[in-house]
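**Q** Have a look at the structure that comes next, please.
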Amino acid sequence: QEEPQNIGPMTASQSLLKATTEDRMGFFLPLPNQLISLQLRNFKGIATNIQLPKGSIWRVGRGSFCQLRPPHISVSRNHSTLFIDFDGRVAIMDHGSNHGTFINDRRMEDWQPELLRKGYRVRWGGIGAPVYRVDAITEVEASRRLGKPA
């Protein structure tokens, strides 16, 4: 299993990502016609397919403002962010949460984005929180978008 890739020193795009997580959302213009499908599978084998516009930011946590809400008490209100760049890569960044975000059982460093790849295991929160496996990260064909007839 390949180790998660830390993106390294803070670049201009990461600075923008951090600024966005601090509620300065005006910098990003998501491309709603260009979608990435992120398929996550939980420990029971149930798959969840999430369609994310390129250039978008998705918050993960228990807060009502979060788009993804993992069902566990140890998940913080504003736990982490998923960032989808214009090339279709998906990165995850922990917001300094108490119980952490884990990739392949390794706790992420706070405020350090890491790329997600197929086969990685992600856990938001402490021991006992659900573990999700990244089954696929793919570009969505126009005819296969959710809500559109095939």
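The values are calculated or read from the model by the stated rules, or taken from the named source; none is laboratory data. Just so it is clear, the model here is predicted, and its values are computed rather than measured. A quick note on method: Cβ atoms are made from the backbone with ideal geometry, for glycine too, and the neighbour counts reach across all protein chains shown. Side chains are part of the model used for accessible areas, which takes the heavy atoms of the whole protein and leaves out ligands, DNA and RNA. Shrake-Rupley method; radii C 1.70, N 1.55, O 1.52, S 1.80 Å.
**Q** Extending each Cα 7 Å along its Cβ direction at Asn98 and Gln51, get the distance between those two points in nm, one decimal.
**A** Once both label points are built, they end up 3.7 nm from each other.
**Q** Can you work out the FRET efficiency for the pair Arg106 and Asn33, with r the C-beta to C-beta distance and R0 = 35 Å, to the nearest 0.05?
**A** The computed FRET efficiency comes out at 0.45.
**Q** Also: Once neighbouring chains are kept in place and the probe is 1.4 Å, which whole percent of the accessible area of segment 35-90 is contributed by carbon and sulfur?
**A** After summing per-atom areas, the C and S share lands at 51 percent.
**Q** Still on this structure, please answer the following. Length gain on complete extension for the stretch Thr138 to Arg69, per 0.36 nm per residue less the alpha carbon to alpha carbon distance?
**A** 22.7 nm
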